[in-house]
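Structure first, then comments.
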Amino acid sequence: MQEFFQLPVFGVFISIIAFAGARELRKKFNYALLTPVLVAIVFIIGFLLIFNIDYEHYNRGGRYISFFLGPSVVALGVFFYEKYEEVKQHLKVFLLSVTLGGITGILTVIIFLFLLKVPGFIIESLAAKSVTTPIAIEITKLTGGIPEITAGIVIAVGIFGNAFGPFILKKLGIKSKIAIGTALGTAAHGIGTARAFEESKLAGVYSGLAMCVNGIITALITPYLLELFLGLVS
Amino acid sequence: MLKALAYIFGFLLLGEVTTYFFEIPIAGNILGMFFIFLALRLKIVKLQDVKPASDKLIKYLVLFFIPYGVGLMVYFEIIAEYWLPISVAVIASTVITLYISAIIIEKSGK
């Protein structure tokens, strides 16, 4: 049996089945914490632990799935082009919002983790925690952190933004749908964007674009901010 | 569909090659995203030529990062050791980011 689990087809199959099942579950029970990606990951980890399968063996197939992250990031460029026309009229304030929000997201998490005495490799893994998972993973590969830690926390950030983002923003006096959408995309990437579309289509479009723009900004400056900050304090 | 996939992988390759030869600290796929946006803006590539593949990839984006999420199990002990400072830092940072980003647009009256 263990030999079967080492075949690449096992990792591919369980990933697809877990994801499809989790999506069906979400259709039946519309509850924020039942985000398909979280359910699928928890299910697969549970399965691997119960049957005593190494992550390495699962990932022999899993890596064929994650390979598609590369072309997916390129596809985000197409999405950005398509929606670009819709935000053109508010472009300046939109870019200002995403840029300042993006820089705030990187700086505050680096500073807080540092003050709480968390080891450097975790800080390197979490500096890009606000951006979409495939981009965050690439940033972490460059900064020397651990991509798997990045992926886990980035997904958690998205779920947090999805579940509580609009509530927090409304409590803080934000009324504009454009503001809520942009903030969700900047701070909580694609999983936050899914929630923004539930607020309104306009909020969703701004959120999706904010996710792309912050992905680029964060990719450009995170290595330098980390170097600057960790260089200053060491 | 085949043409669309060729474009997507072509731009990915272009991004990777650029990163490789110029040794810039940006991932090849992020450069690819930037290049394909420029190519569409400059009308070098037509939207309908790439859309079939890009729509499908974005539709299943979440599936593609599941294996990395599962990889977290290998680092479970590290996360367990630092779960409190990580949670505090990440949640506080996310709330501040949400607010800064939202208040700029709210104050502009949009």
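The values are calculated or read from the model by the stated rules, or taken from the named source; none is laboratory data. Every value quoted in this text rests on a predicted model; they were computed, and no experiment measured them. Please note: Cβ atoms are built from the backbone with ideal geometry, for glycine as well, and neighbour counts cover all protein chains shown.
For region A:197-210, check the following and say yes or no: at least one residue is under 16 Å from A:Ile155 (Cβ atoms), surrounded by 24 or more Cβ atoms within 10 Å (Cβ to Cβ) and not β-branched (Val, Ile, Thr). No, because not a single residue in region A:197-210 is under 16 Å from A:Ile155 (Cβ atoms), surrounded by 24 or more Cβ atoms within 10 Å (Cβ to Cβ) and not β-branched (Val, Ile, Thr). Of the residues A:Ala40, A:Ala75, the single one that is buried (at least 23 other Cβ atoms within 10 Å of the Cβ) and in contact with a Phe, Trp or Tyr (Cβ under 7 Å, 6 or more places away or on another chain) is A:Ala40. Filtered by the rule that a residue be acidic (Asp, Glu) and more than 8 Å from chain B (Cβ to nearest Cβ), region A:64-89 gives A:Glu85, A:Glu86. When A:Val154, A:Val109, A:Val93 are screened for being facing chain B (nearest Cβ under 7 Å) and crowded, with 24+ Cβ neighbours inside 10 Å, only A:Val109 passes. Of the residues making up region B:3-47, those that are more than 8 Å from chain A (Cβ to nearest Cβ) and not in a helix (DSSP H, G or I) number 7.
What are the residues in region A:45-97 that are of a type in the set (D, E, K, R) and either in contact (Cβ under 8 Å) with a residue 40 or more places away in the chain or in the same structural domain as A:Ala18 (by TED's automatic domain parsing) (or both), if any? A:Asp54, A:Glu56, A:Arg60, A:Arg63, A:Lys83, A:Glu86, listed by residue number.
If you check B:Leu84, B:Leu98 for being part of a helix (DSSP H, G or I), over 17 Å from the mean Cα position of the chain (by Cα) and under 30 Å from A:Asn59 (Cα atoms), only one passes: B:Leu84. Under the condition of being more than 16 Å from A:Gly161 (Cβ to Cβ), facing chain A (nearest Cβ under 7 Å) and surrounded by fewer than 16 Cβ atoms within 10 Å (Cβ to Cβ), the residues counted in region B:80-101 number 1.
Condition check for B:Phe65 on (1) crowded, with 17+ Cβ neighbours inside 10 Å; (2) at pLDDT 90 or above: one failure, at (2).
Of all residues in region A:168-180, one or more are under 14 Å from A:Lys83 (Cβ atoms) and in contact with a helix residue (DSSP H, G or I) (Cβ under 7 Å, 6 or more places away or on another chain). Can you confirm whether region B:58-66 contains a residue that is more than 9 Å from every other protein chain (Cβ to nearest Cβ) and over 30 Å from A:His57 (Cβ atoms)? Taking every residue of region B:58-66 in turn, none turns out to be more than 9 Å from every other protein chain (Cβ to nearest Cβ) and over 30 Å from A:His57 (Cβ atoms).
Residues in region A:177-234 that are among the hydroxyl-bearing types (Ser, Thr, Tyr), more than 22 Å from A:Thr150 (Cα to Cα) and part of a helix (DSSP H, G or I): 2 in all. When region A:29-48 is filtered for residues that are facing chain B (nearest Cβ under 10 Å) and either part of a helix (DSSP H, G or I) or touching a Leu at 6+ places or on another chain (Cβ under 9 Å) (or both), the ones remaining, listed by number, are A:Pro36, A:Val37, A:Leu38, A:Ala40, A:Ile41, A:Val42, A:Phe43, A:Ile44, A:Ile45, A:Gly46, A:Phe47, A:Leu48. Residues that are of a type outside the set (Ser, Thr, Tyr), within 21 Å of the chain's Cα centre (by Cα) and away from chain B (no Cβ under 12 Å): does region A:1-16 have at least one? No, every residue in region A:1-16 fails to be of a type outside the set (Ser, Thr, Tyr), within 21 Å of the chain's Cα centre (by Cα) and away from chain B (no Cβ under 12 Å). May I ask you to verify whether B:Ser108 is within 21 Å of A:Ile221 (Cα to Cα) and either hydroxyl-bearing (Ser, Thr, Tyr) or touching a Cys at 6+ places or on another chain (Cβ under 9 Å) (or both)? No. For residues that are surrounded by fewer than 24 Cβ atoms within 10 Å (Cβ to Cβ) and facing chain B (nearest Cβ under 10 Å), tally how many sit in region A:211-221. Adding up the residues that qualify gives 2.
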